[in-house]
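Some notes on the structure that comes next.
The values are calculated or read from the model by the stated rules, or taken from the named source; none is laboratory data. Everything quoted here is computed from the prediction, not taken from an experiment. Glycine gets a Cβ as well: all are built from the backbone with ideal geometry, and neighbour counts include every protein chain shown.
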Amino acid sequence: MQAKLKLNRRQQRVLWATVRHYVATAEPVGSKALVAEYDLNASPATIRNAMGFLEKSGLLYQPYTSAGRIPSDSGYRLYVDQLMQPSEDLARRVDSMLTTQLDWDGWSFEALLRGAAQILSTLSGYITLITLPQANTVLLRHLQLLQVNPDEILLVVVLDSSGAQSTLIKLPQTEDQTIFDAETLERELQILSNFLNTHLRGRSLSDITLLDWSELDREFQRYADTLRQAMTELSRRSQSPALSQMMVSGLAEVLRQPEFSESHQVQTIFQLLEADQAQLWPLIFDSNDAEQAGKQVRVWIGSENPLEPMRACALVASTYQKGAVPAGSVGILGPTRMIYENAVAVVEAASGYLSEALSAE
């Protein structure tokens, strides 16, 4: 309801100034301070009337009697939607630092995302969250079967952006219990590896369950069921949120914010980020949210957050893409008293950079 509220020019300026003052000082502000600090071209009485209207409209409130006003969640929402502009200077700085400090040729993609998260938390002053690419956007670069024991082989799957995964496979027994010598087994494993690469290279990790094993030569069919089961399990594991890691950086930054001066407030945030990431996952990476469809950056403020530990927080998030497909997400988490123009600029620049870099691979 508040998002549809129409403010006149003066009311907009007063709300803008109140948000800027409170973000900078963490202190309630009165009309005299606004007149002294901002070019509002009005008397304290006029500004006081505007603040009274904003308070009645639910955009400002008094934290205690005789105090000045501070923004409500609705006030921040209107500010973000109508009054602020993302910082172009900070966006350029983000892009420059990501370009110069990340090594795409020498680092794994996981290391790149971890480095990016550290850069973003330093620049924003808030917690940064970056998720690894999802299984449906990760492509298979190479598959290899290796003998590790007389009766065990290792399946190694090299991915285009997030390193490698592997699984140990027990060799099937032949009908006559024949044990092949190492040279024969190595030859067969190489033929099987060639078969897997021919049919799966360049496809999605989730496609390994769709392989047509009937095309495998009859002499190798004895491997089919064992490999099918192992690869199905590998695909299933890859799509688990627990394995789709979320890079978290800047936890120390939140301790500097007065909103989190009490230990229990910090503990609930740390618990969410370190032990309960599965709850956070749908919020930070939800490309199917109808309400947010078409919006490059999504912002949840205070009571808008569905998770109780985040009701004193704001989350700014966006997806990064591989081609036209959402692959992962970048998020900034901090108090509702956030510098939203900086947080939005950081997230926009980072998601754009990662989308371009990932799509170019």
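Residues that are of a type in the set (D, E, K, R) and touching a Leu at 6+ places or on another chain (Cβ under 6 Å) within the range 304-355 comprise just one, K322.
Can you report the number of residues in the range 52-68 which are of a type in the set (A, V, I, L, M, F, W, C) and modelled with pLDDT under 95? Total satisfying the criteria: 1.
Does any residue of the range 43-63 turn out to be on the phi > 0 side of the Ramachandran plot, in the same structural domain as A17 (by TED's automatic domain parsing) and more than 32 Å from the chain's Cα centre (by Cα)? Explain how you work it out, then say what you get.
The initial filter retains those residues of the range 43-63 that are on the phi > 0 side of the Ramachandran plot, namely 58.
With in the same structural domain as A17 (by TED's automatic domain parsing) added as a condition, the list becomes 58.
Among the residues that remain, those that are also more than 32 Å from the chain's Cα centre (by Cα) are: none.
For the range 43-63, residues on the phi > 0 side of the Ramachandran plot, in the same structural domain as A17 (by TED's automatic domain parsing) and more than 32 Å from the chain's Cα centre (by Cα): absent.
Candidates in the range 110-138 are the residues that are among the small types (G, A, S) and outside any loop (DSSP other than H, G, I, E, B); of these, the one that is modelled with the lowest pLDDT is A135.
The rows are residues; the columns are (1) surrounded by fewer than 20 Cβ atoms within 10 Å (Cβ to Cβ); (2) touching a residue at least 40 places away in the same chain (Cβ under 8 Å); (3) assigned to a helix (DSSP H, G or I).
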{"position": "Q12", "(1), (2), (3)": "yes, yes, yes"}
{"position": "W16", "(1), (2), (3)": "yes, yes, yes"}
{"position": "Y22", "(1), (2), (3)": "no, yes, yes"}
{"position": "E27", "(1), (2), (3)": "yes, yes, no"}
{"position": "A33", "(1), (2), (3)": "yes, no, yes"}
{"position": "D39", "(1), (2), (3)": "yes, no, no"}
{"position": "A42", "(1), (2), (3)": "yes, no, no"}
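Filtered by the rule that a residue be touching a strand residue (DSSP E or B) at 6+ places or on another chain (Cβ under 8 Å) and without any contact (Cβ under 8 Å) to a residue 40 or more places away in the chain, the range 94-125 gives no residues.
The residues of the range 246-263 that are modelled with pLDDT of 75 or more, among the small types (G, A, S) and assigned to a helix (DSSP H, G or I) amount to a single one, A252.
Cβ-Cβ distances below 8 Å connect the following pairs, each with a first residue in the range 166-191 that is in the same structural domain as L227 (by TED's automatic domain parsing), a second residue that is at pLDDT below 70 and not in a helix (DSSP H, G or I), and a separation of six or more residues or different chains: E188/F180.
Quick check: anything in the range 289-298 touching a Phe, Trp or Tyr at 6+ places or on another chain (Cβ under 7 Å) and either outside any loop (DSSP other than H, G, I, E, B) or modelled with pLDDT of 70 or more (or both)?
Taking the range 289-298 first, the residues touching a Phe, Trp or Tyr at 6+ places or on another chain (Cβ under 7 Å) are none.
No: zero hits.
With respect to R48, determine if the residue is touching a helix residue (DSSP H, G or I) at 6+ places or on another chain (Cβ under 6 Å) and without any contact (Cβ under 8 Å) to a residue 40 or more places away in the chain. For R48, the condition - touching a helix residue (DSSP H, G or I) at 6+ places or on another chain (Cβ under 6 Å) and without any contact (Cβ under 8 Å) to a residue 40 or more places away in the chain - is met.
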